[in-house]
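Take a look at the structure below.
Derivation of every value follows stated rules applied to the coordinates shown; laboratory data play no part. Bear in mind that the values here come from a model prediction, so they are computed numbers and not experimental data. Positions of Cβ are backbone-derived with ideal geometry, glycine not excepted, and every protein chain shown enters the neighbour counts.
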Amino acid sequence: MKAAVYKQPNEMAVIDVPRPVAGRGEVVLKVHACGICGSDLHAVQYGFGMPPGSVMGHEFCGEIVELGPEVGGYAIGDRVTSLPYIGCNTCELCAVGNGMHCENIRGLGLGQLPGAYAEYVMCGAKSLFKLPDNVDSRLGALIEPLSVGLHGVNRSGLGPGAACVVMGGGPIGLATLLWCKAKGAATVIVSELAPGRSELARRLGATEVVNPAIKDPGERIREMTGRGPDLVFECIGVKATLESAISMVATLGRVVVLGVCMEPDEITPVRCIFKEITVSFVLGYNDAEFQETIDALSQGKIDPRPMVTDVIGVEQVPEMFAALRKPSGQAKVIVEFPH
Ligand SMILES: [Zn+2]
Ligand SMILES: [Zn+2]
């Protein structure tokens, strides 16, 4: 089968690889769609020890074409999405649907197990979620990144009427914006420099989009509501953005960090102390949040469709990865397979 694989830093390739088979507790999906993620771009840029030839892609959906032994509750032809990992399914964390923190987790698409930039992918049956008929394949490929935003918003304790700032209008920032609105925030200001992403944030329901080079988004919220932001979601993950979040959040407010900064970064603790703020770092999602995202899509509570700016075939993955290295108008790029 055809698959897009990591070749070496800054280089992807499309090659022929053997089709996976389903072992005990596993299924094989015919992949319908798989999203390109910022962490894929990072991984290809730096390698991170990924073996050459690794099939990438971890935001996907498809249809079951093979059931391994001891798989219950699923049939050939079921449309499903999958968590991008297989947990041990025996530890306490797996038992409560929190396999993201399982010590024996095996991830799909980032070097451990093969991912879904391929015609077929092997998944653990315990990692699967059925897709309702009205959640199409492109939406199915957005469930994973949307769940990341949902987890951040759930961890923020957001209540009705909240005033929020979302720093960064990339896919995770946009997902966070959608959930802030869906969960009753009164004001959501998105802070973003790029014009294309700013426009997208407006289409997805931002109260206002502020260019942080021109105006402090916290200041803008104070003008609009008479108080600082109750919640600031950091969805950029570069040096100094955490300190900006800390300085703009209101007294007794909360900063939620979704952006993945890879370097040491300074903050000034006394600012946190005087305002008595909470700073939460969040990772991924739990099983219940994956299901909540599917239900919200099916019921039309969130509509992330404008996030999809490009749909490509697997042959175009290497050139798209090269294009995504430079700032561009893309938000979510989806790799689609004929089905
Ligand atoms: Zn991802
Ligand atoms: Zn486990």
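Does G109 satisfy the condition of being more than 17 Å from the chain's Cα centre (by Cα), on the phi > 0 side of the Ramachandran plot and not charged (D, E, K, R)?
Spelling it out, it is not the case that G109 is more than 17 Å from the chain's Cα centre (by Cα), on the phi > 0 side of the Ramachandran plot and not charged (D, E, K, R).
Taking segment 27-60 only, how many residues are crowded, with 22+ Cβ neighbours inside 10 Å and out of contact with any Phe, Trp or Tyr (no Cβ under 9 Å at 6 or more places or on another chain)?
2
Scan (1) within 15 Å of the chain's Cα centre (by Cα); (2) polar (S, T, N, Q); (3) farther than 16 Å from R138 by Cβ for the single condition Q299 breaks and write down its number.
(1)
Does N134 satisfy the condition of being under 30 Å from D303 (Cβ atoms), over 16 Å from the mean Cα position of the chain (by Cα) and more than 16 Å from ligand 1 (Cβ to nearest atom)?
Yes; evaluated as a whole, the condition is true for this residue.
Tell me yes or no: at least one residue of segment 4-17 is part of a loop (DSSP other than H, G, I, E, B), surrounded by 14 or more Cβ atoms within 10 Å (Cβ to Cβ) and touching a Pro at 6+ places or on another chain (Cβ under 8 Å).
yes
Since G47 meets every condition but one in (1) within 26 Å of R138 (Cα to Cα); (2) touching a strand residue (DSSP E or B) at 6+ places or on another chain (Cβ under 8 Å); (3) away from ligand 2 (no atom under 16 Å from the Cβ), which condition does it not meet?
It fails just one condition, (1).
Within segment 223-249, how many residues turn out to be free of Cβ contacts under 8 Å to residues at least 12 places away in the same chain and either touching a helix residue (DSSP H, G or I) at 6+ places or on another chain (Cβ under 9 Å) or part of a loop (DSSP other than H, G, I, E, B) (or both)?
Let us first name the residues in segment 223-249 that are free of Cβ contacts under 8 Å to residues at least 12 places away in the same chain, namely 223, 226.
Imposing the further condition that a residue be either touching a helix residue (DSSP H, G or I) at 6+ places or on another chain (Cβ under 9 Å) or part of a loop (DSSP other than H, G, I, E, B) (or both) reduces the set to 226.
Summing the residues that are free of Cβ contacts under 8 Å to residues at least 12 places away in the same chain and either touching a helix residue (DSSP H, G or I) at 6+ places or on another chain (Cβ under 9 Å) or part of a loop (DSSP other than H, G, I, E, B) (or both) in segment 223-249 gives 1.
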